[in-house]
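These notes are about the structure you will find just below.
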Amino acid sequence: MFGATTVLPCQHKAQPLAIVNWQLGSRLIAIKQANGATQTINDAKLTVRQDGGLVIKSVAYGDAGDFFCVVLNIRFLASVKHTLKVESVPLMGVGHLISGNYTKQHAYHVGDNVTIDCQVIAMPVPVISWTKNSQALQTTQRLKVTQTKIEIAPLQIAGTLQSRLEIIGVQTSDAGTYTCNATNTHGVTSKAISVSVTQ
């Protein structure tokens, strides 16, 4: 789960004492020497336990992948593969997700065009819906909702979506509270935006 600490086990009964190497794909990321000394390679969020297990703190989407525990000594060689998938409740930004620009209130004049972006990162990929004043949003020729998958490095592993609400030639009847809702198996996240319209 995103943000949690996870432990990948590497249990073995190798005798004499063995070296435990951890790899992410083909890249060496941590070592536990036969004498018990441990070392991680350029990653402070990783530690190796005395039983050989790999601890990953504050799991992020970029941590997903295939981890290999390789145990070896003069008589023994074994490898165990762990596939780490990172999931989360939807993480949402209304406006620009990366910069964090988010305004809860938007003021327009009659006839203006309105664009509100809702960016969501989640795994499993979320379903995004919009409401107006807590009622399901009805799209029209003037009021449109589009959704696209976007890629933000290094988050391509996660489901990153942008839902755009557009109102062409806004009218006073369009004023209200618009809410972007993102739902997956881990929960629901919502952000509300108040739209006011004046003459």
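Here, each number is a calculation from the coordinates, and none is a lab measurement. None of these values were measured; they are calculated from a predicted model. FYI the Cβ positions are ideal-geometry reconstructions off the backbone, even for glycines, and counts take in every protein chain you see.
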| query | Spin-label point model (7 Å from Cα, Cβ direction): what's the LYS81 to ILE150 distance in nm? | reply | 3.4
| note | Net charge (Lys, Arg +1; Asp, Glu -1) of residues whose beta-carbon lies under 14 Å from that of VAL59, VAL59 excluded, is 0
| query | In the neighborhood of VAL170, defined by Cβ-to-Cβ distances under 12 Å, what is the net charge if each Lys or Arg adds +1 and each Asp or Glu adds -1? | reply | -2
| task | Provide the net charge surrounding ILE128, with neighbours chosen by a C-beta distance below 13 Å and charges set as Lys +1, Arg +1, Asp -1, Glu -1. | result | +2
